Every structure is written in C-alpha cells, then in structure tokens.
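Data first, discussion second: the structure below is written as structure tokens.
The values are calculated or read from the model by the stated rules, or taken from the named source; none is laboratory data. No experiment lies behind these values; they were computed from the predicted model shown. Cβ atoms come from the backbone with ideal geometry, glycine included; neighbour counts cover every protein chain shown. These accessible areas exclude ligands, DNA and RNA; they are computed on the full protein's heavy atoms, side chains included. Shrake-Rupley method; radii C 1.70, N 1.55, O 1.52, S 1.80 Å.
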Amino acid sequence: MIAPSHRALRALIAVSSTGLALAAAFVTPFGNVVGAVVLVGLTAFVVLDPGSRLTALLIALHSVNWLASTSVPTRSGEWMLTIVAATVLLVIHLAAALTTALPPSAPLPRPTLLRWGRRGLAVVGLSTPVWAVLVIQSSSTPAGDSLATYAAVVSLAVLALAFWRVQHPRSPRSPVTRAER
C-alpha cells in the first residue's frame, strides 16, 4: 500500500513532467510531438518507481529536449520560459528524491515536507540572481572578450573554494586513510 503523501508526490512528478513535455512541444519554436510522447511514456515508468535510474534518464531527456526545442533566449518571455522549465525540473527531481526518502507505505511527516520545500525554495532563490544576470547580459552584449569574462568567473569560483577550505580546515581528529600515509 502506498501512503497518500507518496501518491501526491508521484502525481506531482506526472503533472510536472507531462506539462514540461507539452510545453517543449507546443510553446517553444522547435518543439516536436515525438519528444513529448517519449517523455510522457517514460514519465509513467518513473511514477511507478521514482527511485529507479529512469528518473535520472527522464530529467536528462527533458533537459536535452528543452535545449533542442528552444533557441538561445534573447527576449524576456523566452527567459521566463527558461526559468519555469528549470524550476519544473527541480520539482521533478525533489519529488522523486523525496519519495525515496521513506518507504512507500510510510507517510511523509509534515516537518520533512516543509524542510524539503524550504530547500527547494532556497535553490530557486539562489538561482534567480544568476538568471537575472543572464537576462541583463543577453539584452546588451558588452564589448570585450567573452573568454576573459569566463576566466574571471572561474577565478572567482576557485577563490571561493580556497576561502571555504581555509575557513573549514580538515579536523585533526579525522582518521588518516592509507592513501594519505
């Protein structure tokens, strides 16, 4: 027997995945119906077993289908579709992951649902500024070398990683592995 909370999450997977497939087929400029049919068919298998590897395949195929169905966004409407599609992919991922957190017969506790919801909203909230920068950047292409821009972004990421490593050094009590000897 499957708990009602698990059924609700599986329904959320089905509705989100089907909606994204149909949006890619009928709203985007290069969408195709064959891709939507394949994704909806795969969705049925994922709903039956969200913990299988088919869930990763579904998310990957949705991503490929979306990239093949759209062009590089340049207008605000296209950017809105992009962030909606990314959010729907996140919903599919979170719902599938949450269904595997507890056995199907166990109801999901309200605090667990709230924690996962807050984490999902945090991902969307932290992604929105990046999305906004991309929207602004695509509206007016500045003069200059794009390679230098990407190198600066990578440099900032490396600097952030180094700063994090300095702030969180390895604990002296941690066991030493054979590879470190």
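Restricting region 148-159 to residues that are over 16 Å from Val133 (Cβ atoms) and modelled with pLDDT of 75 or more, which is most open to solvent (accessible area, probe 1.4 Å)? Before the answer, list the steps.
Looking only at region 148-159, we keep the residues that are over 16 Å from Val133 (Cβ atoms), and these are 148, 151, 155, 158-159.
This time we only want the ones that are modelled with pLDDT of 75 or more, so: 151, 155, 158-159.
Working: Ala151: 52, Ser155: 72, Val158: 89, Leu159: 111 Å².
The qualifying residue most open to solvent (accessible area, probe 1.4 Å) is Leu159.
Would you check which residues across region 104-118 are in a helix (DSSP H, G or I) and open to solvent by 30 Å² or more (accessible area, probe 1.4 Å) and list them?
Arg110, Pro111, Leu113, Leu114, Arg115, Trp116, Gly117, Arg118
Check region 41-52 and report whether any residue there is of a type in the set (D, E, K, R), outside any helix (DSSP H, G or I) and farther than 17 Å from Val124 by Cβ.
Taking region 41-52 as the starting set, the residues that turn out to be of a type in the set (D, E, K, R) are 49.
With outside any helix (DSSP H, G or I) added as a condition, the list becomes 49.
Checking the rest, the ones that are also farther than 17 Å from Val124 by Cβ come to 49.
Checked against the condition, which is being of a type in the set (D, E, K, R), outside any helix (DSSP H, G or I) and farther than 17 Å from Val124 by Cβ, region 41-52 yields at least one hit.
For Pro73, the requirement of being modelled with pLDDT of 90 or more and over 20 Å from Val15 (Cβ atoms) is not met.
Name the residue, out of Val27, Val15, that is closer than 21 Å to Met80 by Cα, out of contact with any helix residue (DSSP H, G or I) (no Cβ under 8 Å at 6 or more places or on another chain), of a type in the set (A, V, I, L, M, F, W, C) and open to solvent by 20 Å² or more (accessible area, probe 1.4 Å). Lay out the reasoning, then the answer.
Details: Val27 fails: out of contact with any helix residue (DSSP H, G or I) (no Cβ under 8 Å at 6 or more places or on another chain).
Matching residue, one of Val27, Val15: Val15.
A search for C-beta distances below 7 Å between a residue of region 103-118 that is under 18 Å from Pro50 (Cα atoms) and modelled with pLDDT of 95 or more and any residue that is open to solvent by 80 Å² or more (accessible area, probe 1.4 Å) and outside any loop (DSSP other than H, G, I, E, B), counting only pairs 6+ apart in sequence or on different chains, returns nothing.
Tallying residues that are under 19 Å from Ala14 (Cα atoms) and either among the polar types (S, T, N, Q) or outside any helix (DSSP H, G or I) (or both) within region 30-40 yields 0.
Evaluated against (1) more than 15 Å from Leu108 (Cβ to Cβ); (2) surrounded by fewer than 20 Cβ atoms within 10 Å (Cβ to Cβ); (3) not hydrophobic (A, V, I, L, M, F, W, C), Pro4 falls short on exactly one condition, (1).
Of all residues in region 122-147, those being at pLDDT 90 or above and either in contact with an Asp or Glu (Cβ under 6 Å, 6 or more places away or on another chain) or surrounded by 11 or more Cβ atoms within 10 Å (Cβ to Cβ) (or both) number 2.
Taking the residues in region 61-103 that are part of a loop (DSSP other than H, G, I, E, B) and aliphatic (A, V, I, L, M) as candidates, determine which candidate is nearest to Ala21 (Cα to Cα). Among residues in region 61-103 that are part of a loop (DSSP other than H, G, I, E, B) and aliphatic (A, V, I, L, M), the one nearest to Ala21 (Cα to Cα) is Val72.
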